[in-house]
Amino acid sequence: MVVGRAETVKHYAAPRAAVSWPYLVGRIPRQADCFQNRGAVGSLGAAVAEGGTAVLCQVLAGTGGVGKTQLAAHHARTAWQAGRVDLLVWVTAATREAIITSYATAGTIVLGADPDRPEQAAEEFLAWLEPKPSPIGSGSTGCRWMVVLDDLIDPADLRSLWPPADNPLGQTLVTTRRRDAVLTSGSRRRLEVGLFTEAEARTYLTAALTAHGRTDPPEHIHALARDLGRFPLALAQAAAYLNNARFNEADPQAGFLPIGCPSSCPQPCTRAECVTYRKQLADGARPLDDVLPEPAALPDDQAATVAAAWFLSIDRANNLRPAGLARPMLQLTAMLDPNGIPITVLTSPPALTHLTEQRTTHEQKQVPAQVTAEDAVGALRALHRLSLLDITTDPGSTSTHRTVRVHNLIQRTVRDPLAPDRYGRLARTAADALLAAWPHGTGLDVVAEGDVLRANAAVLVQHSEGALYTTAAHPILRRYGSSLWDSGQAQAALDYYRHLADAAHQRLGPAHPDCLAARTSLAHLSGHMGDTAGATAALQKLSEQMLQWLGPDRSQTLHTRYLLAHWCGETLGAPLAVTALEQVRADQKLALGPDDSDTLSTLHLLAHWRREADDAVGAIADGEQLVRDQTRLRGSGHHNTLAARSHLAAARAAAGDERAAVTEYEKILAGKLRLFSPDHPEVLDARRLLASYRWKAGETTDAVNALAAVLADEERIMAHDHARISRTRGLLEEWLAVLEP
C-alpha cells in the first residue's frame, strides 16, 4: 500500500535540477481525424475556468465510445501547446497498478525518487503536488501541473491516489464510464459526455467521407448518422468501413467486400454507398460487427470495435451488487424501446422470473433466490453506474413514463450474440413483461401510459415478430393493435391488423383461432373506416368458417356473429340487425351467462338498432336495463356505463325529449374526455351527437359551430375520403342550407 500522505516523505521538497520545463510524462493520444470541436469541448473549458483559483477535478463520464478520451486529450493538448501547463502527466488508469506506475515514473523523473520502490515514488510525487506556502526554490513545487487519469475503470483504484484538490496551480481530469457518487464528492465535478448532436454527427460523417473523395448525397449521409444513433465511435468506424469497402452488385446478400479483392472476382464491384450500407446495417440477421471494420482496420488508433467497447463495462456491471443481474437485465432492455422503457415493465413478475432464471454469479452453484423488484432496480442502477443505460427518474418510481434509455447500438450488441432459441425466449419474456405492466381501463392516464408501452411493443414487433409466434400468437400482438385504435390512430390500426392477419395466416394457418381473430378485427375496423359492405362480406365468411372450425358455442364465434349483425344493419337495414342480435343474445345467455361482457355488449347494440328501427319503447327498455347492469357491475364512470347512458339518451331523444338528451350528452362527453384522448373516434362521435341533439332542441347556432369544429378535427385526423367525414360534411351543409335566408 502507498503510505499516508500525512507521514513524512523524504524527497518532496524540490524537483530535480535536471528536469527541463515544461515536461510531459506519458503520451497524449493523437487527435482523431476530423475531430469535432463539439459542445462538450466548450463545456469542459467553461467548467475549468469556473473554478477560478480553486482546483476543480473534472470527471468526464459517459459510455464507451462517446469520445471522452479525445475530449480530455484535446483539453490537455490545448493547455500544453498554449504554455499553460509546466508538468502534464497522462495516466492510463485502467488499474490501480497502472496508476501507481505512472505516478512513480513522474516521481522518478521530477524528484529523482527510487524507481525500484514505485509505491514510495508515487507517494512522493503526490506529496510534491500538494500546495506549499513558500515560493519556488524554498520548498514549493511552484509549477502548474495537470494530471489526466484516462479510462478509470474502478473508482476504488484511486483510493488514496487522488491528486490534491487544493493546489491553485493544479488541474485533474478523469475520464470514466462510471457514475459512482464518490467521483463527484468534494471539489470533483462530473461532466456527462453524450452523443453528438444531430449537427455534429452530420458534420463529422460528412467530413470523414469527403476526406476520402466520397460524394454521397447529403441526405444519405444524414440518414446514416441517424441510423447510427449519433454515436461517435460508430460513426468513425462506419466511415472507415465505407472508405475501405466495395459492394458486389451481383450478390447484394454478400454485403461489402474489401477494396482490393482478387482480380479473379467474376463480378464488377462498385464503391459502397451510404444507401446500400444502411440496408446492410438494418439487416437484423447480420451481426453488427459484419458491417464495421476488422480490428486491424479501425481508425484513429482505436483498440476495439463498437461492440467490444461495451463488453468490459457489461462484465463490470454484472459483478456489482446485486451480482449477476446486470447482464440479464440489459438483455431484457435490448428487446424494447431504446427511447424509454417504463420501470414497471422491468420490475414486473415476468421480468423478475427472467432475472431469477438467468442470474449468473461466481459463487458456489446453487438455486438462486427469487429476484425481487428491489434487486431489479439495483441491476438497473449498476448498469447506470457503468453508463450502459440512463435512468431519467427515480428508479424506485412506479411511473410508466419513459425512465430507462439504452442506446440502440448497445441493444444491437447485446442481441447479436444470442442463440435463436435464447433470443426467442427473451423476446417472449419482454412481451410478457409489457402485458403485465399494461394498465387496464381507458382513462387519460391509462392512454398516456399506453403510448409508452405501445412504443415498446412496436420496437419488439419490429425486430422480433417471428419469435412472438409459437403454437399461437402472443397476446401482445393484438394488444398493440387495439392500443393503436384506442389512441385514435385509425388508419395505422387498420394497416397493422391487415399485416397481423396475413402473418397469422402464414405462421399459424387459416383455421387457427388467432388468425380468425385477426381477420375479425380487420373486418370490423374496415367497417369503421367506411367499407361497410366489405366488412359485412368478410364477417359473413368468417362466421361460417368459425361455425365449422370452432363450433357454435365458442365466445369467438358468437362475437363474430354479433359484429356481423351490426354491419348487416349498416348495409341491409335495422330490422335485420335487430332480428340477428336477438338470436345472438339468446345464444350468449345460454353459453356465456347474462352478465358476461359479450352478452351485455349485444344488449347495448340491440338497443341501438331498436332505435334505428323506430322501436323507441323497446330501445328505452333495453337501454334502462343495460344502464342498471353496467352500473351494478362496473360503476357509473366506466366506459361501458357511459356508452349505455349514451344509447338511453338517444332513445329518449328519438321519443321526443331532445332537451333531456342535450343535458345528458354534455355529461357523457365530459366523461369520455376523462377516458379518451380528444382525437379518439369515440370523443368525435360524442361531440357530433351532442351537436345533433342541440340542433334538434333548437340551439341551431351552437349546433352548427360545434359540428364545424368536429369536421375540422376529422379532416385533420382522417383521410379526406373517409365516410365519417362525408357524413359530417353532408350534415353540416344540410344545416347551413336550412339557416340560409
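Values in this text are rule-based calculations from the coordinates and carry no lab data. Bear in mind the structure is a predicted one, so any value in this text is a computation, not a measurement. Cβ placement follows ideal geometry from the backbone for every residue including glycine, while neighbour counts extend to all protein chains displayed.
Taking GluC sites (Glu not before Pro) in DSSP loop conformation with at most 10 other Cβ atoms inside 10 Å as exposed sites, the chain has its longest uninterrupted site-free stretch at 364-741.
Across all C-alpha atoms in the chain, the radius of gyration and Dmax reach 34.2, 110 Å.
When all alpha carbon pairs of the range 606-662 are counted in 10 Å bins from zero, the resulting P(r) reads 30, 51, 19, 0 %.
Relative contact order, whole percent, for the range 31-127 stands at 16, derived from Cα pairs under 8 Å and 6 or more residues apart. Among Val85, Ile391, Ser601, whose Cα lies farthest out toward the positive end of the dipole of the chain, if unit charges sit on the beta carbon of Lys, Arg (+1) and Asp, Glu (-1)? In the chain, that residue is Val85. Beta bridges per DSSP, both residues in the chain: antiparallel share near 30 percent. Helices in the chain, meaning DSSP H runs of at least 4 residues, each add -39500 (n - 2.57). Divided by all residues, the mean residue ellipticity at 222 nm is -18000 deg cm²/dmol.
Under the convention that each Lys and Arg Cβ holds +1 and each Asp and Glu Cβ holds -1, the size of the dipole of the range 637-690 around its Cα centre is about 100 debye.
Taking a ≥ b ≥ c as the square roots of the eigenvalues of the alpha carbon gyration tensor, the range 555-676 is oblate, as a/c is not under 1.5 and a/b does not beat b/c.
Under the convention that each Lys and Arg Cβ holds +1 and each Asp and Glu Cβ holds -1, the size of the dipole of the chain around its Cα centre is about 1440 debye.
Taking a sphere under 13 Å around the Cβ of Gly534 and counting the other residues whose Cβ falls inside, with K and R at +1 and D and E at -1, yields a net charge of +1. Measuring nothing but how far apart in sequence close Cα pairs (under 8 Å, 6+ apart) lie, relative to its length, the chain scores a relative contact order of 8 percent. Taken about its Cα centre, the range 461-682 carries a charge dipole of about 380 debye when Lys and Arg each add +1 at the Cβ and Asp and Glu each add -1 at the Cβ. The residue list Gln358, Ala723, Ala533 was ranked by how far each Cα lies along the charge dipole of the chain toward its positive end, using unit charges on Cβ atoms, and Gln358 comes out on top.
In the chain, taking the dipole from charged Cβ atoms about the Cα centre, the farthest positive-side position among Thr210, Gln625, Ala457 is held by Thr210.
If R0 is taken as 60 Å, the Cβ-Cβ distance between Asp315 and Val617 corresponds to a FRET efficiency of 0.20. State whether the range 71-125 is rounded, prolate or oblate according to the following rule on the C-alpha gyration tensor (a ≥ b ≥ c being the square roots of its eigenvalues): a/c under 1.5 gives rounded; otherwise a/b larger than b/c gives prolate, and the remaining case gives oblate. Oblate is the answer for the range 71-125, as a/c is 1.5 or above yet b/c matches or exceeds a/b.
Given R0 = 51 Å, the distance between the Cβ atoms of Arg425 and Ala670 translates into a calculated FRET efficiency of 0.65. Spatially close Lys pairs in the chain, defined by Cα atoms under 25 Å apart and a spacing of eight or more places or different chains, total 4.
List the residue ranges in the chain for DSSP H helices whose C-alpha atoms run 15 angstrom or more along the long axis and whose Kyte-Doolittle average is 1.0 or above.
Both cut-offs are met by 39-50.
Under 1.5 on a/c is rounded, so check that first for the range 306-437, then, if it is not, pick prolate when a/b is larger than b/c and oblate when it is not; a ≥ b ≥ c are the square roots of the alpha carbon gyration tensor eigenvalues. In terms of gyration-tensor shape, rounded.
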